1. About the Cα centre of segment 64-115, what is the dipole size in debye to 20, counting +1 per Lys and Arg Cβ and -1 per Asp and Glu Cβ, all else neutral?
2. Measuring from centroid to centroid over Cα atoms, what is the spacing of segment 31-74 and segment 220-259 in Å?
3. Could you pull out the GluC sites (Glu not before Pro) across segment 47-95 that fall in loop regions by DSSP (anything but H, G, I, E, B) with no more than 15 other Cβ atoms inside 10 Å?
4. Can you find, among Leu206, Ile187, Pro156, the residue sitting farthest towards the positive end of the charge dipole of the chain, where Lys and Arg contribute +1 and Asp and Glu -1 at Cβ?
5. Only counting other Cβ atoms within 10 Å, I'd like Tyr243, Tyr83 sorted with the fewest neighbours first.
6. Taking the Cα centre of the chain as the origin, how large is its charge dipole in debye, to the nearest 20, when only Lys and Arg (+1) and Asp and Glu (-1) carry charge on their Cβ atoms?
7. With just the Cα atoms defining each centre, how far is segment 104-124 from segment 166-186? Give it in Å.
8. Using a Gaussian network model of the chain whose springs link C-alpha atoms within less than 10 Å, name the residue from Val28, Val59, Val145 with the highest mean-square fluctuation.
Amino acid sequence: MELGLKGKVAIITGSSRGIGLETALNLVKEGANVTICARNNERLEEAAAFILEQTGKEVFFVEADVTKEEDCARVVSATVEKYGRLDILVNNAGTSQAHRFEEVGTELWQQDLDLKLFGAIHCSRHAVPHMRQVGGGAIVNVTAVLGKTPPAASLPTTVSRAAGMALTKAMSKDLGPDNIRVNTVCIGLIRSEQIEKKWKKENPELSWEQFSRLERQIPLGRIGNTDEAAKVITFLVSDAASYVTGTSVNIDGGMAGVL
């Protein structure tokens, strides 16, 4: 399948590791020009070196904190200055904060919303005018499947992720006339540093495949891999998904009880 990504220009936030890095790798392999950004410059250098080793192609990287609107604006302007256009934005930056309601103070609420919700808002606000100039574009907001059915002790993450889903739907309505598509992927259990630490602490005698299959609540019987999420994101920002907007895709192995 031809994805139509050659020559397209993409920004991926939170892309020094995990799903963001894997998405950058996929887009580069498909011929896109990619800017990766994160708060840790050393990790960005390592990520860029990894992509170069895997593909023979360089990515542009910018150290940035998306909780600050001026950093979001700087990433966008630097990308357009580097490549001359902007077609794709993947709002991936985020962390997992899971606490009971009484345990979450005002400062933590604000930090979480600034990172996951306002980071996506600010990056999108500065990206959209450049997408209009090239006749359209694609935005993917990375959220979490638990934002659809929040369990106990899941705050503030599930609230900020649910807000990200509402943001996606509203943006898709407003930006559709400009041929800018906006979708969200709702992540379930995907291999991460946090999960790997749990594996090595609690079950070091097991291989990753064995540990992964201990997650009985997942119908597919295992924890997902970052490349499985990245491939869905790559599809959604590609021309192959040209008639897909305003929707959410669960990447959770069937774990969620909702569509």
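Computed from the coordinates by the stated procedures, all read-outs in this text should not be read as laboratory data. Just so we're clear, the structure is a prediction, and the values are computed from it rather than from any experiment. When we count neighbours, we look across all protein chains shown, and the Cβ atoms used for this are built from the backbone with ideal geometry, even at glycine.
1. The calculation lands at about 300 debye.
2. A separation of 23 Å, based on Cα centres.
3. Those that pass, being in a loop and sparsely packed, are Glu58.
4. Checking the options against the dipole of the chain, the answer is Ile187.
5. Values: Tyr243 6, Tyr83 19.
Going from least to most buried by this count: Tyr243, Tyr83.
6. Details: 29 positive and 32 negative charges, 114 e Å.
With only Lys, Arg, Asp and Glu charged at Cβ, the dipole is about 540 debye.
7. Going from one Cα centre to the other spans 19 Å.
8. Comparing Val28, Val59, Val145 in a Gaussian network model of the chain, the most mobile one is Val59.
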